[in-house]
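A.B. asks: Below is one structure. I have some questions about it.
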């Protein structure tokens, strides 16, 4: 029943375009419920949309953490199950990505952080290890540019705290 409700809500309200590009809604499967910090937490698995690498979607374990009491999508996590080869002479041994969200202004679910890790080899003997970490902050509501609309629009600063594979900061707040 919970999966059906989540699918219906997503179709009714529509997920944001970027999440709709990542999650195949019909593949959502309820895994279980737990309690963290006194709050009910639902876990779902899903099949990710990977346009350029669709043949490797089965190699990716994809999870959603959802807080039903506050109707908050808290986290999306992707991790490879096995190494895979997305191109000739390229092997991805370890891949993970995690996006954390929070509620803003009681109406918006906004990203707070994104972490990505990829390591493997290319050209049979060159190794790569790429780690990216971004934090998002300074969200604000700004007046709508449409004068006929009394609603505010959500605005955010650029991501803060990006780093390259060596851990060097590539951008700052």
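The values are calculated or read from the model by the stated rules, or taken from the named source; none is laboratory data. None of these values were measured; they are calculated from a predicted model. Here the Cβ positions follow ideal geometry from the backbone for every residue, glycine too, while neighbour counts run over all protein chains shown.
A.B. asks: So, restricting to strands (runs of 3 or more DSSP E) that lie completely within segment 99-173, which ones have at least 2 residues that are under 20 Å from residue 66 (Cα atoms) and modelled with pLDDT of 60 or more?
C.D. replies: Numbers: elements: 108-122, 126-135, 140-143, 152-155.
The qualifying strands (runs of 3 or more DSSP E) are 108-122.
A.B. asks: Name the one entry in 58, 52 that is at pLDDT below 70, within 30 Å of residue 126 (Cα to Cα) and either out of contact with any helix residue (DSSP H, G or I) (no Cβ under 6 Å at 6 or more places or on another chain) or outside any strand (DSSP E or B) (or both).
C.D. replies: On the way: 58 fails: at pLDDT below 70.
Among 58, 52, only 52 is at pLDDT below 70, within 30 Å of residue 126 (Cα to Cα) and either out of contact with any helix residue (DSSP H, G or I) (no Cβ under 6 Å at 6 or more places or on another chain) or outside any strand (DSSP E or B) (or both).
A quick yes/no check of all residues on (1) in a strand (DSSP E or B); (2) within 17 Å of the chain's Cα centre (by Cα); (3) surrounded by 14 or more Cβ atoms within 10 Å (Cβ to Cβ):
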| site | (1), (2), (3) |
| --- | --- |
| 26 | no, no, no |
| 40 | yes, no, no |
| 82 | no, no, no |
| 92 | yes, no, yes |
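A.B. asks: Another question, then. Looking at segment 28-38, which of its residues are touching a residue at least 12 places away in the same chain (Cβ under 8 Å) and part of a strand (DSSP E or B)?
C.D. replies: Hits for segment 28-38 are 29, 30, 31.
A.B. asks: Out of the residues in segment 11-24 that are surrounded by fewer than 16 Cβ atoms within 10 Å (Cβ to Cβ) and part of a helix (DSSP H, G or I), which is modelled with the highest pLDDT? First the steps, then the outcome.
C.D. replies: The first filter runs over segment 11-24 and keeps only residues surrounded by fewer than 16 Cβ atoms within 10 Å (Cβ to Cβ), leaving 11-14, 16-18, 20-21, 24.
If we keep only those that are part of a helix (DSSP H, G or I) as well, we get 11-13, 17-18, 20-21.
On the way: 11: 50, 12: 50, 13: 45, 17: 47, 18: 63, 20: 67, 21: 74.
The qualifying residue modelled with the highest pLDDT is 21.
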